[in-house]
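Colleague: Quick one: this structure, given as structure tokens, is what I'll be asking you about.
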Amino acid sequence: MNTWKTIATASLGLTLTAGLASAAEVTFYKDVLPVLQENCQVCHRPSGANLGGMVAPMAFESYKETRPWAKAMAKAVANKTMPPWHAAPQHQGEFMNERTISQENMDIITAWANTGAKRGNPKDAPASREWPGKDGWTIGTPDLILKTDQVFFVEDDVEDLYVDLTTQLTDDMISEDKFIKAVEFRPGSSAVHHIIAMPLGGIAPGNEASVYPDGIASVLKKGSEITWQMHYHKEPGPGTGMYDQSMVAIKFYDNPEDVKFRMSGAHLGRFDFNIPAGESSYTIQQEYTFPNDSEIVSLMPHFHLRGKSAKYEAFYPDGSSEVLLDVPQYDFNWQTAYKYNDFKKAPAGTKIIFTSVFDNSEGNVFNPDATVDIGWGRPTTDEMSFGYMSFVDSTGKYQPMMGGAGAGNGGLSLVQIVNMFDKNEDGLLQKDEAPGRLTRYFDMIDTNKDGAIDAKEAAVANKFTKNRRRGNQRNSSDD
Ligand code: HEC
């Protein structure tokens, strides 16, 4: 009786093994580890890539560390949450920072997870992959590391906070204007949500270091002051306060003659929208027309928690058109700049239409509140709509970061800003309503010293800044 049972089980086992002959041989060391080295370890290793605070929670280097995650890994690759990459499949091969895994490699992970996640023989393992050390920068050894001049304490009761910090460049740091080749930010605490520090750029969750393509640069001017627009975000509560001093590492071009173009930009932003409560597909658009022959270097859509999808379309002067980038399921956690392998040619007159779709319904699991209308605002719980676009102007002209409506549009006027930030709707902008950057100039603009900027004062200030901008352009190509 006993013997019979054993034989039955044994033969069943045999049939099973025969059916899965190839799959059954999948082991960690021989098959899975090479796939992880190629597709996952850039983030999943001790102190792996810190993409603006998005640090992978576990390492996939040894069998012991990886084994418990086998099922979750198979699931994550099957439903395309890992590796994180949000461009539609039609764009495969177009972007240099693409993070996709081949079907073959997916099958290896799945087969491994489904056959008991076997260890195999460590002798079959590939040589372990070398990664930059814990304190290493992915851009290599920096020429300059800057920190904010102040160490900032993010108080216990802070949930969302915007502050402007500064770094004054001294001659010891740079003694002449320099062409920037690469920039890598490192948040100084887990409360950093994003940083914008012009002209260095910025970082948000999911961003990687920015390395300019050869021949293209931004300029860091000697003696200038860098303003760090810091967005802190954390759970408020006793004991949650923390110190922050964020850093940025910079590499310069060794040889200024190697620089052919300055990086130009457009933000294709909208500020005047209102997404109705409960609306699941609210669409707005913004456009930009290239004044000169240009080449697009990268695209980066930016929304907050209600962002649903993004699309950039190009309408060429010859009447043809194409979708440059389709992000069908936008994920706020991954602020990806899509960087072209081959820059996209945009002849003068090419119109780009950026389409944003928002989901302000309960169906959106990230939606903090589906019962309120939502407009533009800096906190994560308000919305933003930007279709950032970096490009080079083939005529060599530098186009500073511009808005959407058309060439030469220098972004928002102060009158628009007054309207946008006038929370109590009295037609005036009180100092506590003013956005961070403006507070520094507030008293200067408030000429009648009543503690508020009115439309007339804003219009005068506008004229002044416009003249100044024009003057700058005449006097120097950098601004
Ligand atoms: C660009 C960085 C990056 C790459 C590349 C990456 N991961 Fe992740 N992974 C993360 C981060 C960050 C998290 C935690 C946050 C999250 O879940 O989104 C995570 C979470 C996970 C999780 C746990 C969450 C879940 O979905 O169950 C699994 C499993 C996972 N990754 C598997 C993989 C595998 C397998 C690969 C390679 C095929 C991979 N990851 C590649 C950054 C990355």
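Just so you know, all these numbers are worked out from the coordinates, no wet-lab data involved. Note that the structure is a prediction, hence the values are computed from the model and not measured. We place every Cβ from the backbone using ideal geometry, glycine too, and count neighbours over all the protein chains shown.
Colleague: Using amide H atoms built in the peptide plane, which far-off residues or other-chain residues are under 5 Å from residue 186 H to H?
Modeller: Sorted by chain and number, the residues that satisfy this are 247, 248, 249.
Colleague: Another question, then. Would you mind ranking 61, 235, 184 so that the residue whose beta carbon has the fewest other beta carbons within 10 Å leads the list?
Modeller: Result, fewest neighbours first: 235, 61, 184.
Colleague: Show me, for the stretch 382-388, the HN-Hα J-couplings you get by feeding each phi into the Karplus relation (A = 6.51, B = -1.76, C = 1.60, θ = phi - 60°), rounded to Hz, glycine and proline as x.
Modeller: 9, 10, 9, 9, 10, x, 5
Colleague: Between residue 426 and residue 79, what is the spin-label point distance in nm, taking each point 7 Å from the Cα along the Cα→C-beta axis?
Modeller: It is 5.0 nm.
Colleague: Under 19 Å from the Cα of residue 30, which lysines turn up, not counting those fewer than eight places away in the same chain?
Modeller: Partners within reach: 64, 71, 118, 123.
Colleague: Taking only the Cα atoms of the stretch 144-259, how large is their convex hull per residue, in Å³?
Modeller: Hull volume normalised by residue count: 82 Å³.
Colleague: Please arrange 306, 129, 186 by counting, for each residue, the other beta carbons lying within 10 Å of its beta carbon, fewest first.
Modeller: Ordered from fewest to most neighbouring Cβ atoms within 10 Å, 306, 129, 186 come out as 129, 186, 306.
Colleague: If R₀ is 25 angstrom, what is the calculated FRET efficiency for the pair residue 121 and residue 72, using the beta carbon separation as r and rounding to 0.05?
Modeller: 0.50
Colleague: Going 7 Å from the Cα of residue 398 along its beta-carbon direction, which residues of the stretch 177-213 have the amide nitrogen within less than 18 Å of the resulting point?
Modeller: It comes to 177-183, 197-202, 212-213, nothing else.
Colleague: If you put +1 on each Lys and Arg Cβ and -1 on each Asp and Glu Cβ, how big is the dipole of the stretch 65-146 around its Cα centre, in Debye rounded to 20?
Modeller: 540
Colleague: Separate question: Quick check: from the Cα gyration tensor, does the stretch 29-148 come out rounded (a/c under 1.5), prolate or oblate?
Modeller: Oblate, because a/c is 1.5 or more while a/b does not exceed b/c.
Colleague: Under 5 Å between amide H atoms, partner at least 5 residues away or on a different chain: which partners does residue 402 have, H built in plane at 1.01 Å?
Modeller: Distant-sequence amide H within range of residue 402: 265, 266, 267.
Colleague: Taking neighbour Cβ counts within 10 Å as the exposure measure, how do 254, 454 sort from fewest upward?
Modeller: The most exposed by this proxy come first: 254, 454.
Colleague: Could you check the spin-label model distance between residue 441 and residue 369? Points 7 Å from the Cα along Cα→Cβ, value in nm.
Modeller: It works out to 3.2 nm between the two label points.
Colleague: DSSP loop trypsin sites (Lys or Arg not before Pro) in the stretch 160-252 with at most 12 other Cβ atoms within 10 Å of their Cβ, which ones?
Modeller: none
Colleague: Rounded if a/c is under 1.5, else prolate if a/b beats b/c, else oblate: with a ≥ b ≥ c from the C-alpha gyration tensor eigenvalues square-rooted, which is the stretch 216-330?
Modeller: Oblate, since a/c reaches 1.5 and b/c is not below a/b.
Colleague: Using only the Cα atoms of the stretch 51-92, build the gyration tensor, take square roots of its eigenvalues as a ≥ b ≥ c, and label the shape rounded, prolate or oblate: rounded if a/c is under 1.5, else prolate if a/b is larger than b/c, else oblate.
Modeller: Oblate.
Colleague: A follow-up question, please. Past 30 Å, Cα to Cα: identify those pairs from 308/344; 75/311; 147/308; 221/351; 308/351, in the order given.
Modeller: Exceeds cut-off: 147/308; 221/351.
Colleague: Let me ask another. Please give the contour-minus-distance gain from residue 149 to residue 342: 0.36 nm per residue of separation, less the Cα-Cα distance, rounded to one decimal in nm.
Modeller: 65.6 nm
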